[in-house]
Amino acid sequence: MTGVPRFLHPYLVCALACAAIGAFTVIVVNKSVLLRQADLAATQWRDLVATNERTLGALRDAETGQRGYLLTQQADYLEPYQFASRSVPELTRLLESLTRDLPGQRITAQRIAELARQKLAELAATIALAQSGNTREAAALVATNRGKALMDQIRALANDLDTGAGQRAMAYRAAADRQTGELIAGVILMSGLSIALLVALTYLLRRDGRLIRETAEQLAITLRSIGDAVVTTDAAGNVTFLNPVAAALAHSAGLTTPAPFKGMFRLINEITGAEAEDPIARVLREGKTIGLANHTALLRPDGTSISIEDSAAPLLDDQGRVRGVVFVFKDVTERRRAETALAKAREQLHANLEALKRTEEELRAADRQKDAFLATLAHELRNPVAPIRHAVKLLENDGLDGEQLQWARSVIARQAEHMSRLLDDLLDSARITRGELSLQLTPVDLGSVISDALDVAKPLIERKGHELQVILPPRPILMMVDGIRIAQVLSNLLTNAAKYTDSPGRIVLTASLNESHLLISVKDSGVGIRPETMPRLFSMFSQIKSTTDRSEGGLGIGLALAKDLVKLHGGTIEVRSGGENQGSEFAVKLPLTVVLADPPRARLEAPQKAHHGSRRILIVDDNVDAAASLGMLLELAGNEVLVTHSGADAIAAARLHQPSIVILDIGMPQLDGYQVAAALRREARGSELLLIALTGWGQTEDKERALQAGFDYHFTKPVELDAIQTTIAAHERRE
C-alpha cells in the first residue's frame, strides 16, 4: 500500500475486505445452491418414504378389514377399507407429485398408483360379493391370492422408489460435502490473502453466519417435520409461508408469491356450514393470541372439508408492532369421527340395554305362557283319561247289556280321538314352525270339506244344544287345496264357537264367492272377545279365557294353527267381535286362485278292497298293553300274531317262526328298534321282510332315520288298525 495515504488504509482494507466478501459471497451462494439441493433431495426422500409407508399401511389395514368383514359380516370392519378408498388415491397422487422431476422414479410411482387402484378394486369386489350374500364366492376370490400378489408388487416398487430417492439424496449430500470442503478452503485462502486485517470481523461474521444458517435449517426442518400445519402472514394478511402439511391440507402446490389468507384457507363451522371468523384479521386487529371455537372445519378447493383445531398468534417487530401472524392448525377429522362413533356406540349400547330389558320381559312372559301351556296340556290330557278309565271299569262287569257295552266303547273311542287330535295339533304346529309341513293340493268340493269339518265339530255342537245353520253358495265350488287342512281349520273354528258359546247358542257357517276371494265365516252368539285380547288371539298358546273358565278350553294352539294353515294356502283369517258377550265371527279368506273355473275330471275307479288274508306277523313293543291290544286286533282280522317285548326276543322269534311282517317299536331298552331292524335285514330272509316302525317319535328326522335303518314304513302312535292293514295290502299288491 506504498503511496497510499495512511488514512485511506482503513478504507483500502475495507475495500479489499468488501471485495473479498463479495467474492466470498458469490462462492457461498453457489455452494448454498448445492446445499439447498441436497436438503431438498433429503426432504423429498423422507417425504417419499413417509408417503410409501402411509400408502402401504392404508392398504394393509383395508385388507385386514376385508378379512374381518368376510369372517364376521360386521360393518365396523369396513372402516379401514373406506378410509383407504379415500386416502390411497391422494397418497399416490402425492407420490407422483414428489417424483415429477425424476422420470425413472415417476414411472415407478405411476405403477404403484395403478397397482393400488387394482388392489382397491379387488377389495371392493370381495366386499360387494359378501354384502350381497355370496360369502363363498368372496372367499374364493380371496383364495386366488391375487390381492397378495398385488401387495407384493406394491411393496417391491415402494422399496425401489425409496432406494432410488435415498441414493439420489446421498449423492447430493456427498456433493454438498465436497463443495463445503472447497468453500472452507477458499475462505481460508481468501482470508489469509485479502482480509488479514479483518480476522476478528471475519471470524465474527462467519460465526454469526453459521449460527444463522443452522438456526434457519433447524427451523425449516422443524416446520417440515411437525405434524401440524403452519402458516405465516404479513401485516396485510397475505400468506408468506406455509409448511408441507399446510400445503397438503389446503390442496395447494406451494407458495410462489404472497396471497390473501382467505383466498387459500376457507374456514367454516363444521355443524352449520356457515363461514367462520377470519383468525388472521382478528389477530391483526386485537394483537393477541387466539384460538377459534370448537367445530371449526377447513373447506378445501375440491369441496371436501376436514375438522381442525387451530390457534393464531401475532408476530412482533423490534418496536413491538404487529408485523404478521402465525397460524397453526391440525387435522382432527379422525378424532372427531372417533368421538362421533363413540357417542353413537353409547346410544346403541343404551338402545341395546333397552332392547335387552324388553327381551327379558318377553322371555318372562313366554316362560309364564309356557307354564300355563304345560298346566293346560296336563289338564287336557287328564280330561279324557277319566271317562276312559270309567268305561274300562264298566267293561269289567259281566252284566252289561248291549246298550251299555256300546256306550262304553263309544266313550273310549271318542276320548281317544280327542287325545289324538290334541297330539296332531301339537305336531302340525311344530312342523309349520320348522317349515316341514307341505300341502297335498287336490281338487275338492267346498261342500265336502265343510261336511268333513262338521263331522268333527258336530258332536260337541249337539251335546251343548247349539243351533247350527250352514249357508252355502247355490252352485258347487271346486277348489285346488289341501282338503284335509282346510277341514281342519274349519273344524277348529266350529269347535271354538261351540266351546265359547253358552247353551243354547247359535252358530252360523257361511260360504260365499265374490270378485276378490272365497270367504268362509263362522259366526257365534258366544262370550265374545275383549278388544285387548285381539292382538294376541292368533298367538301360540293364547286363549280367550283361562281353561278354568271353560271345561273344554283346549291347548290354545288351534287358532295359531288355523292361521298358519290358511297362510300356506295364500289366504288370511280375520276376527270381528263387538266385545265381551257380543259373540264373534272368524272369516277365512282364500284367494280366487284356489277356485277351479274348469276343474279337471277326476278318474273314478272302484276302490280296491284291502286284502286281509292270514299272515304271520311279529309285534315287538316294550309296552305290554300296546303290543297285546294290537296283536288281538290283528288276530281278529285273521292273522297269525306273535308278540315279544324286547329286541333280543324279537330277533330270536324271527329266526324261529320266520314271520313275513314285523311291527317294531323304536324306543326299547338295550336293543332299540333301529338296531333290531338292521339285525333282521342281515338275516337270510331279511330282505323279504316287511318292516313297519310303530313309535311315538314322529318328527321328519325320525322318519328318515327309520327308512335308513331298513324300515319300509313309519307310523306315529296312535294309529288306526285300518291304516296298518291297508298299508300291508298295498305293499303285497306291489310285490
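The values are calculated or read from the model by the stated rules, or taken from the named source; none is laboratory data. Just so we're clear, the structure is a prediction, and the values are computed from it rather than from any experiment. Cβ sites come from the backbone with ideal geometry, for glycine too, and all protein chains shown count toward neighbours.
Checked against the criterion of being of a type in the set (S, T, N, Q), at pLDDT 80 or above and in a helix (DSSP H, G or I), the candidates Q37, Q66 yield just one match: Q66. Restricting attention to the stretch 51-66, which residues are surrounded by 14 or more Cβ atoms within 10 Å (Cβ to Cβ) and either of a type in the set (D, E, K, R) or more than 31 Å from the chain's Cα centre (by Cα) (or both)? The answer is T51, N52, R54, R60, D61, E63.
When the residues of the stretch 247-272 are narrowed to those that are assigned to a helix (DSSP H, G or I) and in contact (Cβ under 8 Å) with a residue 24 or more places away in the chain, which ends up farthest from the chain's Cα centre (by Cα)? The extreme case among them is F261.
Scanning the stretch 230-249 turns up no residue that is modelled with pLDDT under 75 and surrounded by 17 or more Cβ atoms within 10 Å (Cβ to Cβ).
You will find that of A650, A654, A628, the residue that is touching a strand residue (DSSP E or B) at 6+ places or on another chain (Cβ under 8 Å) and either of a type in the set (S, T, Y) or more than 27 Å from R733 (Cα to Cα) (or both) is A628 and no other.
Looking for something touching a Gly at 6+ places or on another chain (Cβ under 6 Å) and either at pLDDT 70 or above or surrounded by 15 or more Cβ atoms within 10 Å (Cβ to Cβ) (or both) - is there at least one such residue anywhere in the stretch 436-446? So far as the stretch 436-446 goes, yes, one or more of its residues are touching a Gly at 6+ places or on another chain (Cβ under 6 Å) and either at pLDDT 70 or above or surrounded by 15 or more Cβ atoms within 10 Å (Cβ to Cβ) (or both).
Against the criterion of being farther than 24 Å from D665 by Cα and either at pLDDT 90 or above or surrounded by fewer than 16 Cβ atoms within 10 Å (Cβ to Cβ) (or both), L604 qualifies. Filtered by the rule that a residue be of a type outside the set (K, R) and out of contact with any helix residue (DSSP H, G or I) (no Cβ under 9 Å at 6 or more places or on another chain), the stretch 468-500 gives Q469, I471, P474, Y500.
Since M264 meets every condition but one in (1) touching a strand residue (DSSP E or B) at 6+ places or on another chain (Cβ under 7 Å); (2) at pLDDT 85 or above, which condition does it not meet? Here M264 clears every test but (2).
L664 meets the conditions (1) under 23 Å from L721 (Cα atoms); (2) surrounded by fewer than 18 Cβ atoms within 10 Å (Cβ to Cβ); (3) in contact with a strand residue (DSSP E or B) (Cβ under 9 Å, 6 or more places away or on another chain) in every case but one. The failed one is (2). So which residues in the stretch 684-716 are part of a loop (DSSP other than H, G, I, E, B), of a type outside the set (K, R) and farther than 22 Å from S438 by Cα? Hits for the stretch 684-716 are A684, L689, G710, F711.
Taking the stated definitions as given, is R106 assigned to a helix (DSSP H, G or I) and modelled with pLDDT of 80 or more? Answer is yes for this residue. Go through the residues of the stretch 493-504 one by one and say whether even a single one is assigned to a loop (DSSP other than H, G, I, E, B), buried (at least 17 other Cβ atoms within 10 Å of the Cβ) and in contact with a His (Cβ under 7 Å, 6 or more places away or on another chain). Within the stretch 493-504 (the criterion being assigned to a loop (DSSP other than H, G, I, E, B), buried (at least 17 other Cβ atoms within 10 Å of the Cβ) and in contact with a His (Cβ under 7 Å, 6 or more places away or on another chain)), the answer is yes, since at least one residue qualifies. For the condition out of contact with any Gly (no Cβ under 6 Å at 6 or more places or on another chain) and either surrounded by 14 or more Cβ atoms within 10 Å (Cβ to Cβ) or not basic (K, R) (or both), L671 does not qualify.
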